[in-house]
1. Considering only region 189-215, state which residues are in a loop (DSSP other than H, G, I, E, B) and in contact (Cβ under 8 Å) with a residue 24 or more places away in the chain.
2. Could you list, in sequence order, the residues of region 322-344 that are open to solvent by 30 Å² or more (accessible area, probe 1.4 Å) and assigned to a helix (DSSP H, G or I)?
3. Would you point out the residue of region 299-353, among those that are of a type in the set (Gly, Ala, Ser) and over 22 Å from ALA147 (Cβ atoms), that is nearest to the chain's Cα centre (by Cα)?
4. Considering only region 143-152, I want to know if a residue exists there that is of a type in the set (S, T, N, Q) and either assigned to a loop (DSSP other than H, G, I, E, B) or under 24 Å from the mean Cα position of the chain (by Cα) (or both).
5. Of all residues being in contact with a helix residue (DSSP H, G or I) (Cβ under 6 Å, 6 or more places away or on another chain) and assigned to a loop (DSSP other than H, G, I, E, B) in region 393-437, which is least open to solvent (accessible area, probe 1.4 Å)? Just the residue, please.
6. I'd like to know if region 128-136 contains one or more residues that are outside any strand (DSSP E or B), closer than 21 Å to CYS352 by Cβ and among the basic types (Lys, Arg).
7. So in region 110-159, with the set limited to residues that are of a type in the set (Asp, Glu) and in contact with a Lys or Arg (Cβ under 7 Å, 6 or more places away or on another chain), which one is least open to solvent (accessible area, probe 1.4 Å)?
8. Sort through GLY128, GLY106 and tell me the only one that's touching a residue at least 60 places away in the same chain (Cβ under 8 Å), under 18 Å from VAL241 (Cβ atoms) and small (Gly, Ala, Ser).
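The values are calculated or read from the model by the stated rules, or taken from the named source; none is laboratory data. Fair warning: this is a prediction, and the values are worked out from it, not measured in the lab. Counting neighbours? That spans all protein chains shown, and the Cβs are built from the backbone with ideal geometry, glycine included. Note: accessible area is taken over every heavy atom of the protein model, side chains too, but ligands, DNA and RNA are not part of it. Shrake-Rupley method; radii C 1.70, N 1.55, O 1.52, S 1.80 Å.
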Amino acid sequence: MAMTTSHMPRPSFYNSHGIRFSQKSSWFRAQPRTKLNPSVNIKASAGVRKEDIVIVGAGIAGLATAVSLRRLGIGSVVLEQAASLRTGGTSLTLFKNGWRVLDAIGVADTLRGQFLEIQGMAVNSEDGRELRSFKFKDEDQTQEVRAVERRILLETLANELPPETVRFSSKLGKIQSSENGETLLQLTNGTTLLAKIVIGCDGIRSPIAKWMGFSEPKYAGYSAFRGLGVYPDGQPFAANVNYIYGRGLRAGYVPVSPTKVYWFICYNSPSSPGPKITDPALLRKQAKELVSNWPEELIRLIDLSPDETISKTPLVDRWLWPGLTPPASTGKVVLVGDAWHPMTPNLGQGACCALEDSVILTKKLADAIKSGPAAIEGALRAYGEERWPRVFPLTVRANLVGSLLQWDNQLVCSIRNNIVIPKLVRLGPVLEHTNFECEPLKA
């Protein structure tokens, strides 16, 4: 809706939460909450369509941002290039900072009932010797750790959104700024959108980040096999994260639910990640060959993993060097999650940081919207300035931890396994980065 230039008193309206907005704030349209069927494919109409907020990408970052905005009475459109929610992949580990955000946006309890709370962590050598074990509550009574199936997390978030919020088969083809400060988005299906605000949640290979001048994420020198073992009669493991460390090779597994266990194998491939492989039989074969002499339970987990859960991905990150890397926003275009700060999974913070981004950005946008369009760019800059000191050190730290754990020098690995892990590592300081306070979002 265009801004009025009249000197007459601005009329008021009420959003779906009963919150009073002046005409100054009606630059954005408020919409009532309803449920979404994630499988519905919504086709955009021909011609230029004007939208207030367009979120590109219906992954964790995009859907969490859309839900956060809804909690404050702000509508959005989410563009997803796939024909439905991309529920591939296996699981991700959420620490207490991630759960604080999910509590704030009102979906945490729905998820808690479906996934086991992880009690502790055990670190073993490749020959089965225990190097160290921890109990999370012994170090921090407020810690909360669960492995969550990505599919269920996405569907839970999507079901909090109104119909037609997520527009499937909507791949971004071109982005450009318009003269009035709005952003033109041309989709490959022929649709053209004119957006007041664009939020890029389009992942590691983000076209929006590239348009903003960001470099491609850098390969970390190792790749990961992942899968989800299924035990129809019940999985046999205690509720712990289990790590196994070798030379240039490590693995881990963690119970997700009473019948499912997530596993991963990281292996060094310094020069390149090699060709992309999608054949599940070949992926399974390669994963098993890497750990053929390791504990039998890991081999069995791989055997019990359905084909569609097994994957292999190169691990990458992007370091946001001050003064060298573009800011998180350009005009009224801003990045969230992996699109801005992809990080290796060594601290389990990729999804958690994306969730944090979503609520911080939402709060700043909501305050700016009340002040009018002129405040939007400042709010986006403030978001980037607040989040950078959080995400840049975590990205670097995750990379360094990965380098430590992927050592292949025999002497260095011996020092790691016999001195560093058993005698020097303390879990409390290691998990300090999971401290994050977040009040419930309410309009």
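1. Result: ASN189, GLY190, THR191, CYS201, ASP202, GLY203, ILE204, SER206, MET212, GLY213, PHE214, SER215.
2. If the condition is that a residue be open to solvent by 30 Å² or more (accessible area, probe 1.4 Å) and assigned to a helix (DSSP H, G or I), then ASP338 is the only one that fits.
3. Restricting to residues being of a type in the set (Gly, Ala, Ser) and over 22 Å from ALA147 (Cβ atoms), the top hit is ALA339.
4. Checked region 143-152: at least one residue is of a type in the set (S, T, N, Q) and either assigned to a loop (DSSP other than H, G, I, E, B) or under 24 Å from the mean Cα position of the chain (by Cα) (or both).
5. Within region 393-437, the match that is least open to solvent (accessible area, probe 1.4 Å) is PHE436.
6. Looking for residues that are outside any strand (DSSP E or B), closer than 21 Å to CYS352 by Cβ and among the basic types (Lys, Arg), one finds none in region 128-136, hence no.
7. Applying the filter and picking the extreme gives GLU144.
8. Of GLY128, GLY106, the one residue that is touching a residue at least 60 places away in the same chain (Cβ under 8 Å), under 18 Å from VAL241 (Cβ atoms) and small (Gly, Ala, Ser) is GLY128.
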